[in-house]
Amino acid sequence: MDETGLVLALAQGDRAALEDTIRRYTHYVAAVAARALAPEPLREDLEEVVSDTFLALWRSRESLDPVRSLRPWLAVTARNLAIDRVRRRRETDAIPDHLPDSRPGPEELAERNQLHSQLRRLVDGMEEPDRTLFRRYYFEEEPLHQVAKELGLNQATARTRLARGRHKLREALCGKGGTPCVQSHS
C-alpha cells in the first residue's frame with residue numbers, strides 16, 4: 001500500500017494501517033526523538049516518545065492530508081513530544097537535601113567587621129580632599145566624575161589620589177611590603 005492509501009486507511013480507522021505505519025516509521029520516529037532527547041536519551045524516554053507519537057497519529061488520523069507525506073507530521077510530533085519530556089524531566093530533577101551554605105560564618109563576619117572599622121578609621125584620618133573623595137566614592141558609591149567636579153578636581157587627579165590612598169591604606173592594613181590582605185577597588 002502506498003502512503004496515500006495508508007493515510008486514507010488511517011483516516012477510516014483501519015488498525016492494520018496503523019500497524020503498517022508503525023512498522024514503516026518506527027526507526028525514523030525513534031531517530032528524530034533520540035536527536036531531540038540528546039545528548040544521552042534514556043531508553044524509557046525514547047520508547048515513550050515513539051509510542052506517544054503513534055498514539056497522537058491515531059488520534060489525529062481524521063485530520064491528516066492524504067496528499068502530504070507522513071514523515072514531516074511524524075517528525076514534528078516526535079520532536080515536540082521529546083522536548084516536552086526533557087522539560088518535564090528538568091522540572092522534576094531532585095534538589096539535594098543538603099546544599100552548601102555560602103553565607104559567611106560568625107568568625108568571618110567578625111573579621112570583616114573589624115577590618116571595615118579599621119578601614120573606616122584610616123579613611124577618617126586622611127587629609128582633605130582625599131577623605132571626602134574616599135568616603136563619597138567608595139562608601140557612598142557616587143560617580144567619580146561627580147565627586148571630582150564638586151571637589152574641584154579633574155578626573156585624572158581624582159584617580160591618582162584614589163590610587164595613592166589605596167596604596168597607603170594597604171600598607172597600613174598589611175604592613176609595608178607584606179602580602180596584600182585587602183583587594184584593591186579599581
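The numbers here are math on the coordinates, done by the rules we state, and not lab data. None of these values were measured; they are calculated from a predicted model. Glycine also receives a Cβ, built like all others from the backbone with ideal geometry; neighbour counts cover every protein chain displayed.
A few points about this structure:
- Shape call, the chain: gyration tensor on alpha carbons, a/c limit 1.5: prolate
- Angle between the chain longest axis and helix 70-92 axis [Cα atoms, degrees, rounded to 10]: 40
- Inter-probe distance in nm under a simple model that places probes 7 Å from Cα toward Cβ, at Asn113 and Phe139: 1.8
- Karplus 3J(HN,Hα) series, Hz, for the stretch 41-58 with 6.51 cos²θ - 1.76 cosθ + 1.60 (x for Gly, Pro): x, 7, 4, 4, 4, 4, 4, 5, 5, 4, 5, 5, 5, 6, 5, 5, 4, 4
- Helices in the chain, meaning DSSP H runs of at least 4 residues, each add -39500 (n - 2.57). Divided by all residues, the mean residue ellipticity at 222 nm is -21500 deg cm²/dmol.
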